[in-house]
Amino acid sequence: MAASQKLATFIMDLGSLLIKSVFRTKEQQSMTKRFKVVITDLMTEPLDAERLVLGEVADVIALDAKSEAELVGQIEDADAVMVYHYLTFSKSSIDRLSYCRVIVRPGVGYDAIDIAAARERGIPVCNVPDYGSEEVADSAVAMAVSLARGTHLLCNRLRRGVGPWNVDQAKPIPRLRGRRFGIVGCGRIGTAAALRAKAFGLEVAFFDPYLPDGIDKALGIRRVERLDDLLSSSHILSVHCPLTDETRGMIAASEISRMPQGSFLVNTARGGIVDTVAVVDALQRGRLAGAGIDVLEQEPPPVDSPVLAAWRDPNHPAHDRLLLNPHTAYYCEEGSDEFRTKGAQEVMRALLGQPLRNVVN
Ligand SMILES: NC(=O)C1=CN([C@@H]2O[C@H](COP(=O)(O)OP(=O)(O)OC[C@H]3O[C@@H](n4cnc5c(N)ncnc54)[C@H](O)[C@@H]3O)[C@@H](O)[C@H]2O)C=CC1
Ligand SMILES: O=C(O)C(=O)CO
């Protein structure tokens, strides 16, 4: 080949190389840099799920922060942030993110994240809506049945050696079958709870203003148009709506006072929806016969929390009628792996510039 031809080929190759590097896909560009992903809370170190999904392209740092102040200096250069429900992720944290492509909440409820502030900054917030509806429904119905059948109460009574062996005639337990199980918010978890309650022979009704017509018929359950109608007719009320401006404080003293005397209340949704001080008060006065609480307004609760005091003190009138769990209704090993993996996969999509699956803002 003549020298001039060689030179022409060389120039053409160089040109095509230049064009290729300038017009690389976002995906190709992304693969050349190592990203920083910060898990803000809950984890002391990234688990296998995050490492498996993200390890090749990102350094995953787990902070286990107990307050937002601990995030200062740690998140500013993050390419993605994963926020669990133990931490509020407010505008002040969001405004510190300089490069962040996504905020992922590896779970259902994203009430602790200021999604409006993220929207203003153009940062998508994504949740994982589909990892554990059945476990939460299992936990809610298990609490309701345990309270209504007296299992919890009788177990405590026996442990303390109070009352007769066998039935205490002074404290009759009404039949469960045929009683009304009322659901506030009949989405994924509410529906799973409805199916379980039906299997116990309970008559199920729900209040959910946002569901289209026909769900009631498809599930063979009753729809009520007003929360009041559900409150006044439910022997067991189970809360399954998200915490929003509209639902904050939705079940307080006046709502509880409209429930039938001796009914049961279960909350596995969010603490901010139900006023737990009013619940303890209603248990004390016998208005409520039992309450199953998985979530509190503040988690972990302060040491002087009235609900903790009632639950700890065997002499407190509400003690035997209160089932308290540490926000674990969702938990099972498989589900944990699922929300971590799905959360990390959403982060990966953002890092690669691919379409996101569950943007909530
Ligand atoms: N304790 C735990 O471990 C867990 C708690 N949760 C909580 O459960 C909530 C529900 O989860 P999913 O059923 O998966 O959500 P979902 O989005 O499938 O269903 C929520 C339903 O609530 C309804 N809703 C909204 N506002 C309402 C209102 N003002 N009154 C009545 N209904 C209303 C919606 O229309 C929707 O049908 C989550 O937002 C989360 O806070 C979720 C997972 C685990
Ligand atoms: O997924 C949720 O919303 C939970 O509360 C558990 O993290």
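General observations
- Within the stretch 271-319, the set of residues being touching a residue at least 60 places away in the same chain (Cβ under 8 Å), more than 16 Å from ligand 1 (Cβ to nearest atom) and surrounded by 21 or more Cβ atoms within 10 Å (Cβ to Cβ) comprises Ala289, Gly290.
- The listed residues are Ala49, Ala142, Ala65, and the only one of them that is of a type in the set (Gly, Ala, Ser) and assigned by TED's automatic domain parsing to the domain that holds Val204 turns out to be Ala142.
- Scan of the stretch 116-144 for residues that are free of Cβ contacts under 8 Å to residues at least 40 places away in the same chain and within 14 Å of ligand 1 (Cβ to nearest atom), ordered by number: Ala142
- Every residue from the stretch 204-218 that is under 24 Å from the mean Cα position of the chain (by Cα) and more than 13 Å from ligand 1 (Cβ to nearest atom): Val204
- Sole residue being buried (at least 20 other Cβ atoms within 10 Å of the Cβ) and more than 16 Å from ligand 1 (Cβ to nearest atom), chosen from Ile113, Ile103: Ile103
- Residue pairs whose Cβ atoms lie under 7 Å apart, sitting 6 or more positions apart in sequence or on different chains, and linking a residue in the stretch 329-343 that is closer than 16 Å to Ala192 by Cα to a partner that is of a type in the set (Phe, Trp, Tyr) and within 11 Å of ligand 1 (Cβ to nearest atom), are Gly335/Tyr131.
- Across the stretch 320-338, the number of residues qualifying as within 13 Å of ligand 1 (Cβ to nearest atom), within 23 Å of Gln298 (Cβ to Cβ) and either of a type in the set (A, V, I, L, M, F, W, C) or surrounded by 14 or more Cβ atoms within 10 Å (Cβ to Cβ) (or both) comes to 6.
- One residue from Leu158, Leu176 being in a loop (DSSP other than H, G, I, E, B) and more than 16 Å from ligand 2 (Cβ to nearest atom): Leu176
- Complete set of residues in the stretch 198-207 that are under 18 Å from Arg175 (Cβ atoms) and either in contact with a Ser or Thr (Cβ under 8 Å, 6 or more places away or on another chain) or among the aromatic types (Phe, Trp, Tyr) (or both): Phe200
The values are calculated or read from the model by the stated rules, or taken from the named source; none is laboratory data. From a predicted model like this one, the values you see are computed outputs, not experimental measurements. Methodologically, a virtual Cβ is constructed for each residue, glycine included, from the backbone with ideal geometry; neighbour enumeration extends over all protein chains shown.
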